[in-house]
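Here's the structure, in structure tokens; my notes come after.
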Amino acid sequence: MAKIKLTKTELKAQTDALKRFQRFLPMLQLKKQQLQSEIAGITAKVEQVAAKEREERAALDRWVGLFATDESLVEGLVKVKNVKTGVTNIAGVQIPTFDTIETAVKDIDLWATPAWVDDAIAATTRILALKCERAVFEEQRRLVTIELQTTSQRVNLFEKVKIPECKEAIRVIKIAIGDEQTAAVTRGKIAKGRAPKEDAA
């Protein structure tokens, strides 16, 4: 704890600081809970999208495996050109939101390729969209986790350092002021006790 002045002005400053910390602490604790809840929600969304992605891949692998005689038909069929995202705010954190993707489809000869290639393009596009959506959710989780770490540090700082320091400073100042007042009263009584003797002399 930094050195404190044992004065009434310092006592007021420490009391005001304590009130301020005690007022902000519940807000920080609430924010911490909200961020923890958001991370749990985002994690659930990541898992849901990952499960859908696995289902789509399994379905694609099954029927492409049945019909594809030439593996090169499917490779690089669809590529992501652009991921369109928005922005939202969670507990004061700016995070991206997934909107849609723009894709580029490989040039293929529609007359020379089997009919199922169109279905493969649609399925691959869905898989890529899910993959990009999952990546956006993972970025959300990363950003919210950083904010949670910062908020947790502030909560700990207030709970374990600032509030105890203020309370200790207030206790020390009150004792010092009390001792000073007692000493002043004692000096006053001594001075009063001496005054008649000096008059008599």
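In the stretch 70-94, the qualifying residues are those that are small (Gly, Ala, Ser) and farther than 16 Å from Glu138 by Cα, and the one that is modelled with the highest pLDDT is Gly92.
Of the residues making up the stretch 138-162, those that are closer than 13 Å to Lys32 by Cα, surrounded by 14 or more Cβ atoms within 10 Å (Cβ to Cβ) and not β-branched (Val, Ile, Thr) are Glu147, Leu148, Ser152, Arg154. Taking the listed residues Arg23, Arg62, the one that is surrounded by fewer than 18 Cβ atoms within 10 Å (Cβ to Cβ) and more than 28 Å from Glu165 (Cα to Cα) is Arg62, with no other qualifying.
The values are calculated or read from the model by the stated rules, or taken from the named source; none is laboratory data. A quick note: this is a predicted structure, and the numbers were derived from the prediction, not measured. Positions of Cβ are backbone-derived with ideal geometry, glycine not excepted, and every protein chain shown enters the neighbour counts.
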